[in-house]
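Structure record follows, encoded as structure tokens.
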Amino acid sequence: MSQDRLDRGRARLVTTACMGLAVAVVFIIGYWILSGSLEDWETLVAGGVFILLLGGNAWLATRGHVTLTAWLLVGLLTLLISVDLVEYGIGSPTAAAYVIPIVLAACCLGFWEGLGIAAIGSAVCWLIAWASTSGRLELDPPADISHLTFNAPALMVMLLLTALIVGWWSRYILKQEQE
């Protein structure tokens, strides 16, 4: 497979991820508006800014800046997920969202990069579990000991397995294409 063809495929993957995330933001905020659970107007602004960032990232990807845009998207998602978990703890369903930047990293950046993002997500989960169960991080509702004894290790296994599976498959496909 030529490098140009590979870069076009990765650019499409980054662009598709950006579009999918933008639709997800519109859906979630729309649901909050319709259900009456939207708490403040700042959420609308943050959603709009996030969609603009995603649009700019997708545009850059289509202009050939695939590695840059993949790193920007992976980094932004990893940061946003981590910040959300500091606020809500690893009992939040958001913890599973680490799978998205892990898959993107494994497919667009490489095997080791995917494992690196999985390691970062795992470390954040363990740190938040430890901080919330030791009283150093106040959560509402308070964290249960199961965050440290079950959630953190289970999340680590899921994240690392995701990186291994997707990263190995991406590596295998690239190797097959080169033969």
Burial ordering of Arg10, Arg171, Arg5, fewest other beta-carbon atoms within 10 Å first: Arg5, Arg171, Arg10
Overall form of the chain per C-alpha gyration tensor (a/c, 1.5; a/b vs b/c): oblate
Order of Asp7, Asp40 under a 10 Å beta carbon neighbour criterion, fewest first: Asp40, Asp7
Of Gly48, Gly121, Gly36, the one that fluctuates the most in a GNM where the chain has Cα springs shorter than 10 Å: Gly36
Estimated vicinal HN-Hα couplings, Hz - the stretch 94-111 in sequence order (Karplus 6.51, -1.76, 1.60; Gly, Pro = x): 4, 4, 5, 5, 4, 4, 5, x, 5, 5, 4, 5, 5, 7, 9, 10, x, 4
Ranked list, fewest to most other Cβ atoms within 10 Å of each Cβ, for Trp59, Trp126: Trp59, Trp126
Dipole axis of the chain (+1 Lys, Arg; -1 Asp, Glu on Cβ), positive-most option in Trp71, Trp112, Gln178: Gln178
Given charges at beta-carbon only (K, R positive; D, E negative), |dipole| of the chain in Debye: 740
Nonlocal amide H pairs with Leu137, under 5 Å, H built at 1.01 Å: Ser132
Helix-only mean residue ellipticity at 222 nm for the chain, each DSSP H run of n ≥ 4 adding -39500 (n - 2.57), per residue, nearest 500: -27000 deg cm²/dmol
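All of the numbers you see were taken from the coordinates with simple rules; none came from a lab. All figures in this text were calculated on a predicted structure; none of them were measured in a lab. Heads up, the Cβs are rebuilt from the backbone with ideal geometry, glycines too, and the neighbour counts pull from every protein chain shown.
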